[in-house]
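Bear in mind these aren't lab numbers, they're just calculated from the coordinates by the rules spelled out. Computed from a predicted model, the values in this text were never measured in an experiment. So basically every Cβ, Gly included, is an ideal-geometry build from the backbone, and we count neighbours across all protein chains shown.
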Amino acid sequence: MTSTRHDGDTWDLASSVGATATMAAMTRAIATRADRRLIEDPFAEPLVRAVGVDVLTRLATGELPPDDLVGQLAIDGAKVRTKFYDEFFLDAANAGITQAVILAAGLDSRAYRLPWPAGTVVYEVDQPQVVEFKTRTLAGLGAAPTADRRVAAADLRDDWPAALRTAGFDPALPTAWSAEGLLGYLPPDAQDHLLDTITELSAPGSRVATESRPNPKPGDDDRTKEGLRRISERWRAHGFDLDHARLRYFGERNEAAPYLADRGWALTVIGNRDLFAAGGLLSLEDDDLRMGDVVYVSGTLGDRDHEAGHRTTLS
Ligand code: SAM
């Protein structure tokens, strides 16, 4: 049984919010096996196997077919999401940004699989048990990072910049930041604080990428919770007991794109439906989890001194 979220709660990769990182990696393992056009994550399967949640391992290795446990929408969603963030980081690196920060890194293996230019430093921030597990497991597999990888073990509702600075982060350098699969797991005020902190730590020319959803219309949250309960039931029948509806924070929050735009970021917003179409994938119909409403947000911070008095608008 999953207990309700509370300030300061912690987890490993088999429990609470940590298990969602293992599920994301499991979905990347399935997607990688199915179709390497959009995603190529060779570390997803061994990482999931190392966590040791039986049903997730059997799905990641292909022993258990995804069927109704991991639908095609989720598999295609992993493809477009992975491609979006891969391209975001490679574009930033090719534009000369040498410092990247992957917030809520989970079992993301970009620091081990992307062709980072020499001299790039990649910071990964997540809860201590999560980052330590990944470091240990990939070292045990003989995997070597493709960048200067540094970890900052911290809670993102807490003083994570201190951990980042201790790891060597330099706020004077432009940074490429990602917050992938994160915002819904933060309370609304913690999300605002995170986006404010990213902005404060960003030199002009820094880039940011995240996903968000428009605020729910009446009835949306109830439908999503009901959909998540049905999903949790199916997992429970396979011995994996995680109450998905209890892991997220529902209700209204500031939407990431306008919030960041108000703080000086020039942003591009692209809808999940458009990314599915661009990838030649299934068309996204309305579903209880509102996948079609997800938007991918990315952009660049202007020079605050030159832009004083101006408000950057969303493109
Ligand atoms: N970004 C990874 C990916 O896409 O595979 C992981 C996404 S997973 C859905 C959510 C991640 O957010 C988990 O790794 C979890 O540990 C992290 N996370 C959520 N809230 C956090 C917090 N308050 N502090 C640190 N990490 C957090």
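Arrange the following residues from fewest to most other Cβ atoms within 10 Å of their Cβ: Glu252, Glu132.
Final ranking by Cβ density, sparse to dense: Glu252, Glu132.
I'd like the antiparallel share, as a percent to the nearest 5, of DSSP beta bridges with both residues in the chain.
So the antiparallel bridges in the chain amount to around 40 percent.
Have a look at Gly77, Gly96, Gly142 and tell me which one the Gaussian network model of the chain (Cα, springs below 10 Å) gives the largest fluctuation.
Gly142
So what J values fall out for region 198-203 if you push phi through Karplus, 6.51 cos²θ - 1.76 cosθ + 1.60 with θ = phi - 60°, rounded to Hz, Gly and Pro as x?
Each residue's phi maps through the Karplus curve to give 4, 4, 4, 8, 9, 6 Hz.
Could you put Leu164, Leu141 in order, starting from the residue whose Cβ has the fewest other Cβ atoms within 10 Å?
Leu141, Leu164
Nothing charged except the Cβ atoms of Lys and Arg (+1) and of Asp and Glu (-1): what's the magnitude of the dipole of region 71-314 about its Cα centre? Round to the nearest 20 debye.
Dipole size: approximately 600 debye.
Please report the net charge: other residues with Cβ closer than 14 Å to the Cβ of Arg234, K and R +1, D and E -1.
Spelling it out: positives minus negatives among the neighbours equals -4.
Going 7 Å from the Cα of Arg229 in the Cα-to-Cβ direction, what parts of region 260-299 have a backbone nitrogen less than 16 Å from that spot?
The answer is 288-289.
Please build a GNM for the chain, connecting alpha carbons under 10 Å apart, and tell me which residue among Ala257, Ala95, Ala167 fluctuates the most.
Of Ala257, Ala95, Ala167, the most mobile in the Gaussian network model is Ala95.
For the residue pair Asp158 and Asp288, what label-to-label distance in nm results when each label sits 7 Å from Cα along the Cα-to-beta-carbon direction?
The answer from the label model is 3.5 nm.
Quick check on the chain: helices-only [θ] at 222 nm, where DSSP H runs of length 4 and up contribute -39,500 (n - 2.57) each and the sum goes over total residues. Nearest 500, please.
Calculated from helices alone, the mean residue ellipticity at 222 nm is -12000 deg cm²/dmol.
Before anything else, pin down the relative contact order of the chain: Cα pairs under 8 Å, at least 6 apart, normalised by residue count, whole percent.
Worked out over the chain, it gives 17 percent.
Using the Cα centre of region 71-314 as origin and beta-carbon charges of +1 (Lys, Arg) and -1 (Asp, Glu), tell me which of Gly280, Gly219, Leu164 is placed farthest towards the positive end of the dipole.
Ranked along the dipole, the leading option is Gly280.
State the answer as a single residue: which of Asn94, Tyr296, Thr197 lies farthest towards the positive end of the charge dipole of the chain, with beta carbon charges of +1 for Lys and Arg and -1 for Asp and Glu, about the Cα centre.
Value computed over the given set: Asn94.
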